[in-house]
Each structure stands twice: as structure tokens, then as C-alpha cells.
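The values are calculated or read from the model by the stated rules, or taken from the named source; none is laboratory data. Nothing here was measured: the structure is a model prediction, and the numbers come from that model. Positions of Cβ are backbone-derived with ideal geometry, glycine not excepted, and every protein chain shown enters the neighbour counts.
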Amino acid sequence: MQDEVTLGPVGEQHLTVIERIMTDPDVMGPFQWYGWRDPSRLRRRWADSGLLGDDGGMLIVLRAADVLGFVSWRKIVTSMSSHCWNIGIALLPEVQGNGHGTQAQRLLARYLFAHTQVQRIEAETDVDNVPSSAPWRRPASAARGSCADTRSASAPGTTPPCTPSSATKPPDRRPA
Ligand SMILES: CC(C)(COP(=O)(O)OP(=O)(O)OC[C@H]1O[C@@H](n2cnc3c(N)ncnc32)[C@H](O)[C@@H]1OP(=O)(O)O)[C@@H](O)C(=O)NCCC(=O)NCCS
């Protein structure tokens, strides 16, 4: 069970690693670096809510006691009476490529389907970000085509393509 990936609430002891991931362009990589942000914002949000709110949240990704990275989700309003979750993930470079990202995204989708009312979970990723889009190529997920994403980390003024993907709630899933 040492290799098993788990998710949990972010504790104060995890904040340094999350800050490292979020504030280092080399760690975030070419697809997830959005520029310098207020460095104290994470700790303020953690002190305020534990990074768990009604409109989104963040969980730490662990393997035993080792911090691998984090997963997050945010609310996307889809109609006057419904919403879905858009999820994200970032792992430390030294643990990437071992299947942990796939496991963590699967665990997050199960968690959100089990504990919230949404029927759909989606993600957007640059078309060239192969590790990020891999879990969404599985059965029960669907790639929805491509769109222009101006938030992506590429040359100023360009609108590189991204791939939105989604998974719908399995009909017989029981709360985990
Ligand atoms: C995206 C990310 C979470 C993926 O996690 P990971 O643990 O590295 O990925 P996995 O080991 O689970 O691999 C997923 C798939 O990508 C493939 N893959 C992994 N690294 C790869 C690489 N460098 N090049 C090509 N394919 C790769 C794996 O073979 C696997 O494919 P398969 O399921 O078809 O066998 C991680 O790379 C990361 O944190 N990247 C930086 C932040 C980021 O881009 N986040 C996503 C933004 S949408």
C-alpha cells in the first residue's frame, strides 16, 4: 500500500510544497505557468477556509507521508440552475511520470461525484500536454474538441489550442 496515492485536506505543513509548485515556472512547466502572483495569497486562503469552499477547493496528493502535489476544482456555472466542476492538478517534477497524476485525478473525480451534486466534471488542457490529457482518453470520459485558451502560458498575443474534456457521473456510484 506504500505506492497508493491518497488525497486529503491541505495542512499547514503542506503549504511550503504547494508554494514551491505554484511559484516556480520550472516546476509548473510550460503548460501551467501563469506568471507571478501574490505569494501570501495561498496562506491567507488556507487560514480563512482550509482551501475548501463552496465554489472550489484544493486537496493535497500524498503517497504515504510524501507530498506529491495538489489537485483543485472550481465551479463552472452551466445554466441558471446547474454547475459542474473544472479540475486541475500539479505534481512535483521529481514524481511525475509514475502514474500518480492519473490516480490522483481519478480519486478527485470520485470524491467530487460522491460528495457534491454535480453530474459532470471537466478539465481543460493544452493539446500538447500529453500526461495531463491521458486520463481523459479513457472510457467514461470524453474529449469535447478544442478551443482557444488565452490563459495558456505561451507567447503573448497568441491563443494556443486546448482540449476540454469531461466525465459524467456513473449512474450507480455509491458515496465513497
Ligand atoms: C499533468 C500531470 C499531473 C500528470 O501526472 P503524471 O503523474 O506525470 O502522469 P502519469 O504518470 O499518470 O501519466 C499519464 C499519461 O501520460 C504519459 N506520460 C507521462 N509523462 C509523459 C511525458 N513526459 N511524455 C509523454 N507522455 C507522458 C504516461 O505514459 C501516461 O499515459 P497512458 O495513461 O496512456 O499510459 C503532471 O505531469 C504535472 O503535474 N504536470 C505539470 C502541471 C500540469 O501540466 N498540470 C495539468 C494542467 S491541465
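Tallying residues that are crowded, with 21+ Cβ neighbours inside 10 Å and of a type in the set (Ser, Thr, Tyr) within region 112-122 yields 0. Checked against the criterion of being small (Gly, Ala, Ser) and within 12 Å of the chain's Cα centre (by Cα), the candidates Ser72, Ser49 yield just one match: Ser72. Apart from one condition, Thr125 fits all of (1) hydroxyl-bearing (Ser, Thr, Tyr); (2) touching a strand residue (DSSP E or B) at 6+ places or on another chain (Cβ under 7 Å); (3) surrounded by fewer than 18 Cβ atoms within 10 Å (Cβ to Cβ); the exception is (3).
Checking the conditions here, which among Val61, Val17, Val77 is over 24 Å from Ser165 (Cα atoms) and either part of a strand (DSSP E or B) or in contact (Cβ under 8 Å) with a residue 12 or more places away in the chain (or both)?
Details: Val61 fails: over 24 Å from Ser165 (Cα atoms); Val77 fails: over 24 Å from Ser165 (Cα atoms).
Selected residue: Val17, the only one of Val61, Val17, Val77 that is over 24 Å from Ser165 (Cα atoms) and either part of a strand (DSSP E or B) or in contact (Cβ under 8 Å) with a residue 12 or more places away in the chain (or both).
Yes/no per residue for (1) at pLDDT 95 or above; (2) not basic (Lys, Arg):
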{"position": "Arg20", "(1), (2)": "no, no"}
{"position": "Met28", "(1), (2)": "no, yes"}
{"position": "Gly35", "(1), (2)": "no, yes"}
{"position": "Arg43", "(1), (2)": "yes, no"}
{"position": "Leu51", "(1), (2)": "yes, yes"}
{"position": "Leu62", "(1), (2)": "yes, yes"}
{"position": "Thr78", "(1), (2)": "no, yes"}
{"position": "Val95", "(1), (2)": "yes, yes"}
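Taking the stated definitions as given, is Gly99 within 21 Å of Trp136 (Cα to Cα), without any contact (Cβ under 8 Å) to a residue 12 or more places away in the chain and within 9 Å of the ligand (Cβ to nearest atom)? Judged against the criteria, Gly99 is a match.
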